[in-house]
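Laboratory data are not the source of any read-out in this text; all were calculated from the coordinates shown. On a predicted model such as this, the values are computed, not experimentally measured, just so you know. We place every Cβ from the backbone using ideal geometry, glycine too, and count neighbours over all the protein chains shown.
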Amino acid sequence: MATPHFPETEFGDLHRRLLILRVGLLLVVGLLGLRLWHLQIREGPYYRDLSENNRTRQVLLEPARGLIYDRHGVLLANNVPSFSLYVTLEDVKDRELLVKQLTDLLGLDSALVRKKLTAKGSKLLPRKIKDRMTLRDATLVESHRLDLPGVMIQVESQRNYPGGMTAAHILGYVGEVSSEQLEKPEFLDLHQGSVVGQYGVEKSYDRHMRGVAGQKNVEVDALGHEKRSMVVERPQAGNDLYLTIDARLQKVAEDLLGVEQGAIVALDPTNGDILAMASRPGFDPNVLSRELTAKQWVEIVQDEGRPLNNRASQGQYPPGSTFKIPMAVAALETKTMSPSSTVFCNGGYQFGKRLYHDWKAGGHGYVDLHNALVHSCDVYFYTVGQRMGIDVMAEFGKDFGLGKVTGVELPSERSGIMPSTAWKQKAKNEQWLPGETISAAIGQGYVTVTPLQMASLIGTVANNGLSYRPRLVQAVMDRMTGNLMEIPAVPRGKLSVKPETFRLIKEALADVVTKGTATRAKSSVVTIGGKTGTAQVAALRTGPEESIPKKFRDHAWFVAFAPVDSPKIAVAVIGEHMGHGGAAAAPLAKEVIEAYIKLAPQVPTVISERSGMEGTGRFSNDS
Amino acid sequence: MINPLTEHRGLDSFDIRYVALILAILGIGVLSIYSVTYGQRGVGTPYYLKQLIWIGVGAAAFLLMWASDYHHLARFAYPAYAVVLLMLVVVLFEGRTSKGAQRWIAMGPLSFQPSEFAKLVLVLVLAHYYSKAPRVGWLQRVIVPGLLVLPGLLLILKQPDLGSGLSFVAIYAAMLLMVGVRSQALGVILLFSIMLFPFAWEGVWGSLHDYQRQRIMAFVDQDYDPGGKGYHALQSRIAIGSGELLGKGLYGGTQSQLKFLPEGHTDFVFAVFAEEWGFMGVLVLLALFVGLIWLSLEIASKAKDQLGALLAAGIVAMLCFCVVVNIGMTAGMFPIVGIPLPLVSYGGSATIMTMAALGLLLNVKRKRLSLFY
C-alpha cells in the first residue's frame, strides 16, 4: 500500500475542493441550461423563422399570358416553352468565376453577364441572365449544376406569334417591364423581369392578359442547390382575347400592300368591328418580344420605313379628295348647295391673286354635286368651301370623327387635324387666311387624317350616319372561370343628317366606281361605292408622275364600302407615294372587299357561335 | 494472481449506473451522427458505422483500464508523456493536414490525433507528480508542474489546436485547485480565467485591425470562421434555437440536413441534436452528463489514496471542461474553438481517449473496493 504523502488535513481539503467543483459544475450547467432555454424557448420562434429563411428561396411562377385569337378562333398569339438561366446572387460565392464559367460554357458575352449580375435588385431573388436558351445549352448547364452554385434553369413560357408578321401592329409585342414602368401604379403587381405588353393590344389589354404570378418556395442547401420545392400559390393564367379581325382578310390586306408603304383598314360599319388593319412595312413581333441587343433596337427604330409605326392609326395624311365626302354632306345639309345646283368648272378657281387648279386641266364644265363627286371636281368644292367657311367645314368634319382619336384599343393613336379658325389661333397663334379654306376644301393644307378615321368615316356614311367606335377586341375569355365576356359595340350616336343626303351621296359614290375616277375598283362580285383621293406631298410638281422621285410622289387614297345597298364592309386604303388614288389604291380596296365577301358567309364568328349555343346575350359559359 | 474475493469485489465496482450513462450518451452521439449524415451518399463507410467501430475500440480500452491498476500506470506516466511529446513533434513535421491544421498522424488507412491522448497522459503525469511527494512551496506546487505542461501545450498550439491547448491549461488549473495552492483564490482565478479566456479574447480581438486578426487567426485557428462573419456561430445558434421545445425530429434538422451548419457530425453535433430534439432533448443530454460527472466526482472523493483522487479529479475536470466549452460555443456563449463534445462528437481519438479515461476512473473505484492489489 502506498504511503499517503499528504497529511490527513490536506486530504480532507481535497474533499472540500471536490465539493466546490460539484457546486461549480451545477452552477455552470445551470447557466448552460438557462442559455439554451433562452435560445430555444424564448427566442425559438425567431430562430425558427431564420432557419426557414435560411433554407427557402422564393421563386415567382410566371403566369401563362392570355392567348389571342381572331374572330373565328384562329390563334394569333400563344406561349411556347423556353429555357431561361437564372442566378441567385445570395448563393454565388465567386462572381467573377461564375462569369467565366458561363462565358466558357455557353459563349455568353462576359460584359453583359457581369452587368446583369451587378444590376440592382434583391440578392435572394433569382435574376434572369439569359432567355431562349437552346435545349443543348440548358442541358449543359444542368449537367454542370454542382459546379455552378446559385445557377438554375427555369422553363418559362415565351410569347409566340404563329403568324409571324401578320397583324403585327394590332397584336404588338411583349417585353420585360422597364424600371420606369415598374414605378407606375398599374404595374404594382409586377416585378423585375415580368413580361408585359409593350405595343398593340398586348399593351392595351395587358391587364387582362397578364395573369397573376404564383409563388414557389424552394428549399435549398447551403450551396444554393434546390432540394425540394413547394408551390405556395399557383399562377393564374391571363385571359384570352378574341379580336374582331379576320386573320385571312388581314393576310390579304397585308399581301396587297406588299413592299409598298401604306395602310389598309377594313371594318364592319354596322358595329365598328375592325376586320383587317394592315400597315406596311411591318415587323416580326417574335423578334421584338425577344431580348434585343442595343444594335438591333437602333436598327429597327432608325429604319426609314418606320416599321413600328402603325400607319392605320398613327399615320396622319392629308385626306385629299376623300375629304369631299364630308364636304358634300355639309354642302347639302347647310343648303349651301342643292342637289341640282351647278358650278361651272373651267379647270381653275381664281381667289384673290391666286389661281387654284382643278386636277383636270381643261375643267369639268357644268357640274352638280353628283358629278362633282363622281369626277372629283375640285372647283366645285373650292366654291362650296368658300361659301361655307372653314368653321362650318370643321363642324361637319368633327361630326365624322376627324381631328380626334377614334378610341380604338391601340396605344398612341393619333388624332389628325381638323383645322378651324380657333384651331389655328390656338396652335399657331395666327389668323386663318381665306385661301387656306380653299385648300382645306379638297383635303389639303392643314387637314390630316388617319386611315382608321377615314374607314370609320366611310363606314358612317355607308351606315346612314349611325356610327360605332372602331374596336379590335370583341370578347375576353376569363381563363379561371371559363366565362366569355363579350365587349359590346360602342355606338357613337347618329349624325343629324337627312337620310336623303346619304342616299344622294352613296349614289354618287357608287357611280365613282362604275363610271368615275375609280373604275378600277369595279367588281363583278359585289357593288362598291367609294371615293378616290390623291394627297399632295410636294407642292411643286413638274412633269409626269414617273419622273418624280418616289418620295415626292403623291399618296394614293381610296375609301369604299360594299355592298352599296346593305353595306357590310367599309375600307380605307392609303398607299404612300403610290400616285393617283384611282389607279393605285382603288384596286387594293376592291381586292379586300371581294375577299371579305367571299370569306364572310362561310364561318360564323366565335362570339355568335358561343352566344348561339347558350342562347344568352352577353355572358356565356365556356365550360 | 487471481483472487476470487478480489474479483468479486472488483466486479462490484463495475457500476451499472455509470456504464448505462456512458452508453446513453454514446447512443445519442451515434444517433445524431446518423441523422446528420443521413442524406449524404458518402463514399465508403458511413460516419455512424465508423463511430460504432471507435466505440468498440473505446469499450476495449475502457475494460482494459478498468481491469488494470492505476498505480502501475502512474509509474509509466513520464515515459508515456515523453512518447506523447515525441508524437506531437512528429505530427508537426509528418502530420496530415486537414482544414489548415496539422493534427493527425497517419497510420496506414487510419489516422489519430496525439493531442487527444496527450490530455489523458497529462492528467496521469500531474497526478503522479503531486502524489509522489508532498510538493510544498511555489516552486514545487506551481512552477515545476507548469514546466511539465508547457512543452505539450506549446506543441499543441503550434498545430494549431486552440481547443486542445485550452484543455491542457484547464487540466493544469484543475489539478492545482485540487492539491491546493497557498492562496486558493489563485486556483479559482486561474480556472475562471480559463473559462473566461474566450471572453477576454473577444475583448482583445475586437480592438485589433482586420489584417492583424487575420494574421493571428491564420496562426491560431485556421479552420473556423474563414469569412470572419460569424457564419458558423450564427448557423449553430439558428440550429439550436429553431429546435424550440420539442425539436424538428430525427432527420428533420434542416440546418444540418441542408448543410448550413458545418461540422455537424463533429464539433457542432450538439447543435444538430438540439435542433432535432429540442429543449427537452437538451435537458435529457445535460442530465446524463451531470449524472456521469456526479458519479465521477463521487469516485474521486471516495478514492483510496491521493493518486486515485487526483487522477479521478483530473479526468472529471477534463470532461467538464470539454462539455461546458463545447455546448457553450455552439450556443453562442463562447467564441468557437475546436473542442469536441465528449462521447457525442464523431472522432476516433477523442472517443477512445474519453472511454479509456472513464475506464481509468472506474479503476480508481475498483481499487478502493478490492482488498488486495
For this session: Could you tell me whether segment A:182-254 comes out rounded, prolate or oblate from its Cα gyration tensor? Rule is a ≥ b ≥ c as square roots of the eigenvalues, rounded for a/c under 1.5, then prolate if a/b exceeds b/c, otherwise oblate.
Result: prolate
Exercise. Which percent of the Cα-Cα distances in the protein assembly as shown go past 48 Å?
Worked result: 52
Problem set entry | Shape category assigned to segment A:57-243 from the gyration tensor of Cα positions, a/c cut at 1.5 | prolate
Exercise. What is the magnitude of the charge dipole of the protein assembly as shown about its Cα centre, with +1 placed on the Cβ of each Lys and Arg, -1 on the Cβ of each Asp and Glu, and no other charges, expressed in debye to the nearest 20?
Worked result: 1300
Exercise. In chain A, what percentage of the DSSP-assigned beta bridges are antiparallel, given to the nearest 5?
Worked result: 95
Exercise. Would you list A:S179, A:S420, A:S376, A:S289 from fewest to most Cβ contacts within 10 Å?
Worked result: A:S179, A:S420, A:S289, A:S376
Problem set entry | Spatial extent of segment A:297-418: Rg and Dmax, with the Cα atoms as the point set, Å | 18.1, 58
Exercise. Taking other Cβ within 10 Å of each residue's Cβ, how do A:T527, B:T45, A:T56 sort, fewest first?
Worked result: B:T45, A:T527, A:T56
Exercise. Antiparallel DSSP bridges in segment A:57-243: what percent, to the nearest 5?
Worked result: 95
Problem set entry | Sorted by Cβ neighbour density within 10 Å, fewest at the top, the residues A:L117, B:L297 | A:L117, B:L297
Problem set entry | Virtual spin-label span in nm between B:V89 and A:H38, 7 Å along Cα→Cβ | 4.7
Exercise. Based on DSSP H runs of at least 4 residues, each adding -39500 (n - 2.57), what is the mean residue ellipticity at 222 nm of chain A after dividing by all its residues, to the nearest 500 deg cm²/dmol?
Worked result: -10500 deg cm²/dmol
Seminar exercise, completed: Here the FRET efficiency for A:T103 versus A:K295, based on Cβ atoms and R0 = 30 Å and rounded to 0.05, is 0.95
Exercise. In nm, to one decimal, how far is the A:R387 label point from the A:S412 one, both placed 7 Å along Cα→Cβ?
Worked result: 4.4
For this session: Find the centroid of the Cα atoms in segment A:271-344 and in segment A:109-174, then give the distance between the two in whole Å.
Result: 37
Exercise. Spin-label point model (7 Å from Cα, Cβ direction): what's the A:L188 to A:L19 distance in nm?
Worked result: 7.3
Problem set entry | FRET efficiency, 1/(1 + (r/R0)^6) with R0 60 Å, evaluated for A:D303 and A:F344 via beta carbons | 0.75
Problem set entry | Centre separation in Å (Cα based) which lies between segment A:445-487 and segment B:320-360 | 82
